[in-house]
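Comments concern the structure below.
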Amino acid sequence: MIALDQIRRSLRQQATSPVPSEQAKPSASEQLACARRELALRQSTYPKHVAGGRMTAELAGKETAAMAAIVETLDRCLLLEQVSEEIKHRK
């Protein structure tokens, strides 16, 4: 469980660190691609963490389901964004 705590600490630090102004916010499609990569990473590594006793199966399931929901939400947002652009161009 130590590795998981280290990851959580690192993510908290990243979330509170200021983003350099010259760095543009990732587009919706870039965010979705990143979330998909993270989901794939969790799906491939969490079973190993569970087998090694570094993570419970319950936590692995919750964390993987959370990322799958994020992917689904971003996918819907991107679709809505695309539909909205199409509607704007029809007017």
Conditions (1) of a type outside the set (D, E, K, R); (2) within 22 Å of S27 (Cβ to Cβ); (3) outside any helix (DSSP H, G or I): number failed by T73
(3)
Failed item in (1) modelled with pLDDT of 80 or more; (2) acidic (D, E); (3) part of a loop (DSSP other than H, G, I, E, B), with E63 passing the rest:
(3)
Filter result for the condition that a residue is in a loop (DSSP other than H, G, I, E, B) and either at pLDDT 95 or above or loosely packed, with under 13 Cβ neighbours inside 10 Å (or both), over S21, S84
S21
List the pairs whose first member sits in segment 30-47 and is crowded, with 16+ Cβ neighbours inside 10 Å, whose second member is of a type in the set (S, T, Y), and whose Cβ atoms are under 9 Å apart, counting only residues at least 6 apart or on separate chains?
A35/T73; L39/T64; R42/T64; Y46/T64
When G53 is evaluated against the numbered criteria (1) part of a helix (DSSP H, G or I); (2) at pLDDT 75 or above, which criterion, by number, is the only one it fails?
(1)
Inside segment 48-72, can you point out the residues that are over 15 Å from A3 (Cβ atoms) and surrounded by 14 or more Cβ atoms within 10 Å (Cβ to Cβ)?
T64, M67, A68, I70, V71
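The values are calculated or read from the model by the stated rules, or taken from the named source; none is laboratory data. Here the structure is a predicted model, which is why all the values come from computation and not from measurement. Ideal geometry is used to build each Cβ from the backbone, glycine not excepted, and the neighbour counts take in all protein chains shown.
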